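The values are calculated or read from the model by the stated rules, or taken from the named source; none is laboratory data. Note that the structure is a prediction, hence the values are computed from the model and not measured. In this analysis, Cβ positions are derived from the backbone assuming ideal geometry, glycine residues included, and neighbour counts consider all displayed protein chains.
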Amino acid sequence: MRKQITAGNWKMHLTKDEAIDLVFQIKNAVKDSGKRPPEGVEMILIPPFPWLPMVSQAVHNVPGMHAGAQNCAHEEQGALTGEVSADMIASAGAQYVIIGHSERRQHFQESHDRLKEKTALALKYNLTPIFCCGENLKERNAGEENRVVEKQLTDSLFSLSKEEFSRVIIAYEPVWAIGTGKTATPEQAGQMHAFIRETIENHYGNNIARQVSLLYGGSCKPGNAKALFSQQHVDGGLIGGASLNAKDFTEIYFSLWEK
């Protein structure tokens with residue numbers, strides 16, 4: 001059974017006190033529901049690096065809740081001032097790490113080869129990569145979205161073994177629908193997720209394709225979460241802005257319980 005996941009990417013937001021407050025608001029909202037998460041449904045909180053040990057400790061042994069990092073270095077250690085290694089992230093208590101977020105690709109020019117290196121290191125240190133892929137507005141308007149996403153997957157991930165790839169989560173980010181005022185419809189999200197699963201099947205076979213979780217990462221909010229999650233191949237969301245609001249984030253999370 002594929003995991004159904006709500007992952008909250010806090011990006012470069014929140015002071016220490018704000019982060020503490022948010023994580024406990026989220027924990028209390030889940031506790032106050034009086035229900036345990038259904039089997040296979042998980043929440044991942046992904047704070048800025050300074051708060052990762054604190055968040056990891058706060059969700060330790062809480063059913064269905066985990067911590068993740070927003071990025072990792074492409075080398076294990078060395079003279080890389082400001083970088084954080086996969087080994088450090090794992091030792092801070094995280095179990096997940098985002099690889100290849102559209103903002104990293106855009107602002108830090110992360111190449112397919114660089115993301116391939118990061119993914120390999122994440123797996124080496126038993127972190128689950130949340131690998132992001134997606135097309136921009138120019139590519140979408142040109143009808144090149146499938147080609148772009150397939151190349152991102154092929155060049156960074158498809159050299160992995162079946163066992164390695166089965167440990168990866170894919171997050172589809174329609175970059176053209178993030179902060180642009182445009183919105184991807186549930187049908188558009190569903191079509192791309194179906195294409196991604198088909199692409200995985202063509203390379204790794206049906207068994208692997210069926211077990212890999214595919215998340216939607218394009219402006220998912222309480223108002224559209226149910227419609228997005230109702231799509232057959234959408235297994236949850238990588239949530240940005242809404243993850244900074246405990247009420248909104250837990251509402252999205254509870255929507256996934258009904259899938």
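Per the listing S161, S213, the residue uniquely among the polar types (S, T, N, Q) and more than 22 Å from M43 (Cβ to Cβ) is S161. No other residue among A189, A171 is touching a Phe, Trp or Tyr at 6+ places or on another chain (Cβ under 8 Å) and under 12 Å from S219 (Cβ atoms) apart from A189.
Let's see how each residue does on (1) surrounded by fewer than 19 Cβ atoms within 10 Å (Cβ to Cβ); (2) outside any helix (DSSP H, G or I); (3) touching a helix residue (DSSP H, G or I) at 6+ places or on another chain (Cβ under 7 Å); (4) without any contact (Cβ under 8 Å) to a residue 24 or more places away in the chain:
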| residue | (1), (2), (3), (4) |
| --- | --- |
| A122 | no, no, yes, no |
| R140 | no, no, yes, no |
| E164 | yes, no, yes, no |
| R167 | yes, yes, yes, no |
| A171 | no, yes, no, no |
| K182 | yes, yes, yes, no |
| G190 | no, no, no, no |
| F195 | yes, no, yes, no |
| E201 | yes, no, yes, yes |
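The listed residues are G8, G34, and the only one of them that is modelled with pLDDT under 95 and small (G, A, S) turns out to be G34.
Mind counting the residues in segment 203-221 that are at pLDDT below 95 and not in a loop (DSSP other than H, G, I, E, B)? Full working, then the answer.
So in segment 203-221, the residues at pLDDT below 95 come out as 217-221.
If we keep only those that are not in a loop (DSSP other than H, G, I, E, B) too, we end up with none.
Here the count works out to 0.
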